[in-house]
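Here it is: the structure, laid out below.
Every number here is computed from the coordinates shown, using simple stated rules; none is lab data. These numbers come from a predicted model, not from an experiment. FYI the Cβ positions are ideal-geometry reconstructions off the backbone, even for glycines, and counts take in every protein chain you see.
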Amino acid sequence: MKIQGQTALVTGGGSGLGEATAHELARLGARVALLDVNLAQADKVAADINAAYGEGSAVACPCDITHTDSLQAAIDQATAALGPARMLMSIAGIGVAKRVIAKDGSPAPLEDFVRVINVNLIGTYNAARLFAAACAKLAPMEDGERGVMVLTASVAAFDGQVGQQAYSASKSGVVGMTLPMARDLAQYGIRVCTIAPGLFATPLMKTLPEPVQASLAASIPFPARLGKPEEFAQLASHIVTNMHLNGEVIRLDGALRMAPR
């Protein structure tokens, strides 16, 4: 699918990988809707994109992907402002590190596990199903294609570290639903792929002390540095334009395999 002239929904578009992806899509001629629970951040990114690529290139939509009413309202707002979306970049997510048994011997709080699953897995599916239902009603383009969605997992889906039970489970769920969702939506001409990023220089990563960041970067075989958000954005954009990419999970990690801790 050609990106130019199309509309994209970007969940988590207010920062990090979502912000970089929104910028790259806009650079390539798309109109982007930034769906984020932090409206102030999303507004700033939308303003930057509109300044760089012209007014009407981006709109910020308040959105909690775990609540269907909030998500549907954001999609409706984006559609009214930019037209119906043929691309979904599902990037919003959270992480929490908790050992199964705490130092005092108590079990990990169940609510922490539930919250991560709700945002990362159920929220991703919620965005996918609402996008797909709307996209399936659009007229097909060349070769019968109607739309593309790019989901976000993590290398933790395959080699999660100590304390990452909730995060790894949520991202493994995203990996697990990629192929069946692609098969399910093939009849409508909607492709589904997932990116599993490794260690990236996101705002969350940058809150860590410099020596910790350097140590993490050194653990990556090559290139021995943190991934750049723009590299994630470039891959997400390529998935859109390469029509034969479907039902695939792509690791983007510099050959990193995470150690147990």
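Considering the chain as a Gaussian network with a 10 Å cut-off on Cα pairs, which listed residue, Ala153, Ala92, Ala182, attains the greatest mean-square fluctuation?
Its mean-square fluctuation being the largest, the pick is Ala182.
Using alpha carbons only, how many degrees (0 to 90, rounded to 10) separate the axis of helix 229-241 from the longest principal axis of the chain?
It works out to around 40 degrees.
Moving to a separate point now. What percent antiparallel are the DSSP beta bridges of the chain, to the nearest 5?
Here the antiparallel bridges make up roughly 5 percent for the chain.
What is the order of Leu138, Leu204, fewest Cβ neighbours within 10 Å to most?
Arranged by neighbour count, lowest to highest, Leu138, Leu204 become Leu204, Leu138.
Another one. Please get the size of the charge dipole for the chain, origin at its Cα centre, with Cβ charges of +1 on Lys and Arg and -1 on Asp and Glu, quoted in debye to the nearest 20.
480 debye
Grab the beta carbon distance between Ala139 and Leu39, set R0 = 22 Å, and tell me the FRET efficiency rounded to 0.05. Present the calculation step by step, with values, prior to reporting the outcome.
Values: r = 32 Å, r/R0 = 1.47.
Efficiency computed from Cβ-Cβ geometry: 0.10.
What distance in nm lies between label points placed 7 Å from Cα along the C-beta direction at Ala47 and Arg257?
Going by the 7 Å Cα→Cβ label model, 4.7 nm.
Using the Karplus curve 6.51 cos²θ - 1.76 cosθ + 1.60 with θ = phi - 60°, what ³J(HN,Hα) values do you get for each residue of the stretch 95-101, in whole Hz, with x for Gly and Pro?
x, 8, 10, 9, 6, 4, 10
Could you give the distance between the Cα centres of the stretch 84-132 and the stretch 1-29, to the whole Å?
Between the Cα centre of the stretch 84-132 and that of the stretch 1-29, the gap is 22 Å.
Among Thr241, Gly83, Phe131, whose Cα projects farthest towards the positive end of the dipole of the chain, with charges put on the beta-carbon of Lys, Arg (+1) and Asp, Glu (-1)?
Result: Thr241, furthest along the dipole toward the positive end.
Expressed as cubic angstrom per residue, what is the convex hull volume of the alpha carbon set of the chain?
124 Å³
I need the phi-derived Karplus couplings for the stretch 155-172: 6.51 cos²θ - 1.76 cosθ + 1.60, θ = phi - 60°, integer Hz, Gly and Pro marked x.
Working through the residues one at a time gives 4, 5, 5, 10, 9, x, 8, 3, x, 9, 3, 5, 4, 5, 4, 5, 6, 5 Hz.
Pick out, from Met177, Met258, Ser15, the residue whose Cα sits farthest towards the positive end of the charge dipole of the chain, with +1 on the Cβ of Lys and Arg and -1 on the Cβ of Asp and Glu.
The residue sitting farthest along the positive end of the dipole is Met258.
Fewest Cβ neighbours within 10 Å first, please rank Lys2, Lys103 accordingly.
Lowest count first: Lys103, Lys2.
Percent of Cα-Cα pairs per 10 Å bin, from 0 to the last occupied bin, for the stretch 1-151, please list those.
Percent of Cα pairs in each bin: 12, 40, 28, 12, 6, 2, 0.
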